[in-house]
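The values are calculated or read from the model by the stated rules, or taken from the named source; none is laboratory data. Quantities reported herein were computed from a predicted structural model and do not represent experimental measurements. So basically every Cβ, Gly included, is an ideal-geometry build from the backbone, and we count neighbours across all protein chains shown. Side chains are part of the model used for accessible areas, which takes the heavy atoms of the whole protein and leaves out ligands, DNA and RNA. Shrake-Rupley method; radii C 1.70, N 1.55, O 1.52, S 1.80 Å.
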Amino acid sequence: MNKYTGNKVVSQYVDSVTGKPSKDDNEAKGYARGENDYVILTDDDLDRVALDTVKTIDIEKFVPANRIEWVYLEKPHYLMPDDAVGNEAFAVIRDAMKSDKVVGVSKLVMGRRERAVILEPRDEGIVLWSLRFGDEVRPEENYFEDIEDEADPDLIPLVQKLIKQNSAHWSLDMLSDPIQTSLLKLIEEKKKASRPKKAAKGKAAEAAPKSNVVNIMDALRKSVEADLKGKKGRVATCTCSKRRLFTRHLGGG
């Protein structure tokens, strides 16, 4: 948003060298092969290597559910049957995997890429997890090798006591976003403040804002008159202080 006009702003792609705006027809994807050197890939190039999107999921392998490391799980999706026949097959596969404690491994085209996925039975349904590629996961040994293998046994009971004191049942409230909550509250306050105020009826309503100014001016006048009876230096100090008070009031402080 433009904070001065209140209008929405839009982004625009520009050529990094010429600085001129780039038209949509001129935009393409590129693969970097050196500094400021790219292999251009057009939409036609990408379409030629794209895989056909499949509407069915063929389970290729079944593996023990506890053998899939959590770090490879990327994003969960709820898997649903699309008709009565599919519903029956869905239930059979779900219950069989649940009984044998296995998950199904398959492949699925998602966005221009073929992803490995697993089908995990969960209650009355199946959750489909897309998996990260092997080269997307860094080995943990590279990060944990300098950490102590064993902790001080005398300190463990102290931490266990702390864990017991702070244990609680899992709740979705633990996933709350305090920043989001504060932002929504702030937005609501700004919405209320920006609403036009209704004019109050009667003479009393008209006198309310006026009386506020008169009281301050009256206090200022009385203060100045009192100080004029004192020393001159005191008059200057007090008058300056009251002016600051009146200026802050007019500014909304």
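Among the candidates SER130, SER167, SER176, SER171, single out the residue that is among the polar types (S, T, N, Q) and either touching a residue at least 24 places away in the same chain (Cβ under 8 Å) or closer than 30 Å to ALA96 by Cβ (or both). Only one candidate qualifies: SER130. Just for strands (runs of 3 or more DSSP E) wholly inside the range 57-159: which have at least 1 residues that are surrounded by fewer than 14 Cβ atoms within 10 Å (Cβ to Cβ)? Strands (runs of 3 or more DSSP E) meeting the threshold: 61-64, 73-79, 102-110, 113-122. Residue pairs whose Cβ atoms lie under 9 Å apart, separated by 6 or more positions or on different chains, with the first residue in the range 107-123 and of a type in the set (Val, Ile, Thr) and the second in a loop (DSSP other than H, G, I, E, B), are VAL109/ALA50; VAL109/LEU51; VAL109/ASP52; VAL109/THR53; VAL109/VAL54; VAL117/ILE57; ILE118/ILE68.
In the set (1) open to solvent by less than 90 Å² (accessible area, probe 1.4 Å); (2) at pLDDT 85 or above, LYS185 fails one condition alone, (1).
The single condition from (1) farther than 30 Å from ARG122 by Cβ; (2) at pLDDT 85 or above that VAL71 fails is (1). Scanning the range 1-40 for residues that are surrounded by fewer than 10 Cβ atoms within 10 Å (Cβ to Cβ) and in contact with a Gly (Cβ under 6 Å, 6 or more places away or on another chain) returns a single hit, ILE40. Return yes when ARG195 is basic (Lys, Arg) and modelled with pLDDT of 85 or more and no when it is not. So ARG195 does not fit the description; no.
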